[in-house]
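Enquirer: Sharing a structure with you now.
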Amino acid sequence: MSGSEEAPWRAPRNCVDRALASALNWRSTSLGVAGSEVGLWMCLAFGLEVAGVQLTSATKTAFLNQVSMLITPLLVYASGHEVRFVEWLACGLGLLGSGLVAVDAMNSSGGEVDEEEVNANSQMGTSSEMVGLLLIMASAFFFALATVRLGRYSMLFDSLKLSTASACSLGVVSVVWVLCSSLGTPGGLAKEVAVVRFLMLNSFTLMVLLWLGFGPGALAAYLQASGQKVVPAAQAQVIYSTTPLWSAAFAMLVLDASDEAMGAVAWLGAAIMLGSSILVAISSQPGKSIHH
């Protein structure tokens, strides 16, 4: 499929269909408004992901985030465009793979301990995993929404300007997020300020923050905005499914391997998701859409 070829339009079925298409296709001619919107959705995606990863492993979070593979084509379809059959198939496989990772996460247990302790830990672990799963799924929704909306704006604005505007918006909203989260917590804002002061005064952590901001942060945003000028959102989202493979590799290298370990079911799900990514990547010719 040629990335420059936008998916064909479909006829709206009812007033709800038209309302969704109108909302998802609305575009502002203001760079500030466009950057603010994309930055907001990205902040919600990152913030909810951070909250979810505290309740499960980084490796499992990376794979579970691929639920956005299914949400993206649904949003594209809701916006009034057709979605190719191969993309629906790939996204369905991605959802299946994510489900297998979730099942493995909820069924995982560690070590031989007292039976009562096992039951208590199992209940607490399952509850935490479920909350983490819901947070990650919410994160996936906002990431998918950001992907679709970025695809709309990338045709109007320069990639560097758009990525810069969205990054600035992301920073502002993130600060507001931190301020709100500090309310009602022990230490409150003073604790957050102390943490930021420590990070800024420590040369190593400062270098890490700069790398995260300008490396995978700003550079990734610029490359994504540039790529989505020619790659449709649904296809782009499936290509993004290779992300957890890199996440798993880095997590195994720098984090506790025992915490990041996944069972056979989870790795089967990971393989299915990778297969779905390859399926779309190699399908360069337009296929049949869900309407004929």
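Read the figures in this text as sums done on the coordinates, not as results from a lab. Remember, predicted model here, so these are calculated numbers, not experimental data. Neighbour counts run over all protein chains shown; Cβ positions are idealised from the backbone, glycine included.
Enquirer: How would you rank 12-21, 44-53, highest first, on the average number of other Cβ atoms within 10 Å across their residues?
Expert: Details: 12-21: 12.0, 44-53: 19.4.
Order by mean packing, descending: 44-53, 12-21.
Enquirer: Starting from the 7 Å offset along Cα-to-Cβ, what nm value, one decimal, do you get for the label separation of Leu74 and Ala51?
Expert: Calculated label separation equals 1.9 nm.
Enquirer: Kindly put Thr147, Thr205 in sequence by how many other C-beta atoms sit within 10 Å of each C-beta, fewest to most.
Expert: Thr205, Thr147
Enquirer: Measuring from label point to label point, each 7 Å out along Cα→Cβ, what is the Glu192 to Leu156 span in nm?
Expert: Here the modelled spin labels are 3.1 nm apart.
Enquirer: Hey, for a label at Ser28 modelled as a point 7 Å past Cα toward Cβ, could you say which residues of region 161-186 have their backbone N under 17 Å away?
Expert: Correct set: 161-174.
Enquirer: A further question on this structure: Net charge around Ser226, counting only other residues with Cβ within less than 14 Å of its Cβ (Lys, Arg = +1; Asp, Glu = -1)? The partial results should precede the final answer.
Expert: Working: positive: Lys161, Lys229; negative: Asp158.
Residues close to Ser226 contribute a combined charge of +1.
Enquirer: Let me ask you something else. Starting with the fewest neighbours, write out Trp88, Trp267 ranked by other beta-carbon atoms found within 10 Å of each beta-carbon.
Expert: Working: Trp88 19, Trp267 15.
Lowest to highest Cβ neighbour count: Trp267, Trp88.
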